[in-house]
1. Modelled with pLDDT of 85 or more and aliphatic (A, V, I, L, M): which single residue out of L93, L89 fits that description?
2. Which is outside any helix (DSSP H, G or I) and surrounded by fewer than 12 Cβ atoms within 10 Å (Cβ to Cβ), of M105, M40?
3. Return only the number of the condition from (1) in contact with a helix residue (DSSP H, G or I) (Cβ under 7 Å, 6 or more places away or on another chain); (2) modelled with pLDDT of 85 or more that H168 does not satisfy.
4. Tell me, please, whether a residue that is out of contact with any Pro (no Cβ under 7 Å at 6 or more places or on another chain), in contact (Cβ under 8 Å) with a residue 60 or more places away in the chain and closer than 30 Å to S13 by Cβ can be found in the stretch 122-142.
5. Which one of E99, E109, E116, E157 is of a type in the set (D, E) and within 29 Å of the chain's Cα centre (by Cα)?
6. Output yes when any residue across the stretch 153-162 is among the hydroxyl-bearing types (S, T, Y) and closer than 25 Å to L24 by Cβ, and no when none is.
7. Check I58 against each of (1) touching a residue at least 40 places away in the same chain (Cβ under 8 Å); (2) assigned by TED's automatic domain parsing to the domain that holds K134 and name the one condition it does not meet.
Amino acid sequence: MKKLFLSPSGRISRRSFIIGVAGLAAFIAVQLFGLGLIGMGMVNFFLTLALFFLNFHIIMALYGKRLHDLGRSFWPLIGLFFLIIIIWLLMILNYGGIEYFDTVMAHPEYAGNEEEMKKVLQVYQDKLAVGMPKARWVIAILPTLFTLWLAITPGQEGDNRYGLRPMHTK
């Protein structure tokens, strides 16, 4: 398990990848449940930050090794991350972000007026609340398709530049 989740080098089979993705999903579910029990506060903040970096490392290790089995580098995974970030930013701007920044930048008098800033922020949050459920679906489709691609595509036969052929080939 340590090599599967923490080591980014080498290759893994489709079976190991599917088991790893299921384990990662369970780990994230436990995290969400545990963080919900802790509540808001500094402990939750720092724990969430630490878990974010741990999850990122696990994803890089798990998906990277599967990409290595296909004879590919980490670049498709990095590209997926950037594509998700770009879509996320476009969704935020599309659902009220442009109007929010335009209002704040065009009216510097809001900087000192807390009541007016709250009104502007509330309008932005209302538009964002309408659009974000749609954005979550769009953003969820990309990693799902990427994961399915890695789970379905057979690895390279024999050894490649990333290591020996995994023992489980199915």
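1. Numbers: L93 fails: modelled with pLDDT of 85 or more.
Only one candidate qualifies: L89.
2. Details: M105 fails: outside any helix (DSSP H, G or I).
When all the criteria are applied, what remains is M40.
3. Answer for H168: the failing condition is (2).
4. If we filter the stretch 122-142 for residues that are out of contact with any Pro (no Cβ under 7 Å at 6 or more places or on another chain), which is where we start, we get 122-142.
Those still in the list that are in contact (Cβ under 8 Å) with a residue 60 or more places away in the chain too: 142.
If we keep only those that are closer than 30 Å to S13 by Cβ as well, we get 142.
Yes; the residues of the stretch 122-142 include at least one that is out of contact with any Pro (no Cβ under 7 Å at 6 or more places or on another chain), in contact (Cβ under 8 Å) with a residue 60 or more places away in the chain and closer than 30 Å to S13 by Cβ.
5. Details: E109 fails: within 29 Å of the chain's Cα centre (by Cα); E116 fails: within 29 Å of the chain's Cα centre (by Cα); E157 fails: within 29 Å of the chain's Cα centre (by Cα).
Result: E99 is the single residue among E99, E109, E116, E157 that is of a type in the set (D, E) and within 29 Å of the chain's Cα centre (by Cα).
6. Keep residues of the stretch 153-162 that are among the hydroxyl-bearing types (S, T, Y), which gives 153, 162.
Filter once more, keeping what is closer than 25 Å to L24 by Cβ: 153, 162.
Looking through the stretch 153-162, at least one residue is among the hydroxyl-bearing types (S, T, Y) and closer than 25 Å to L24 by Cβ.
7. Condition not satisfied by I58: (2).
Results for (1) assigned to a helix (DSSP H, G or I); (2) within 24 Å of I18 (Cβ to Cβ); (3) of a type in the set (D, E), shown as yes or no for each residue.
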{"position": "L67", "(1), (2), (3)": "yes, yes, no"}
{"position": "R72", "(1), (2), (3)": "no, yes, no"}
{"position": "F82", "(1), (2), (3)": "yes, no, no"}
{"position": "L89", "(1), (2), (3)": "yes, no, no"}
{"position": "K119", "(1), (2), (3)": "yes, no, no"}
{"position": "G131", "(1), (2), (3)": "yes, no, no"}
{"position": "K134", "(1), (2), (3)": "yes, no, no"}
{"position": "P143", "(1), (2), (3)": "yes, yes, no"}
{"position": "A151", "(1), (2), (3)": "yes, yes, no"}
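The values are calculated or read from the model by the stated rules, or taken from the named source; none is laboratory data. Please read these numbers as outputs of a predicted model, since none were measured by experiment. Note: ideal-geometry Cβ built from the backbone for every residue, glycine included; neighbour counts use all protein chains shown.
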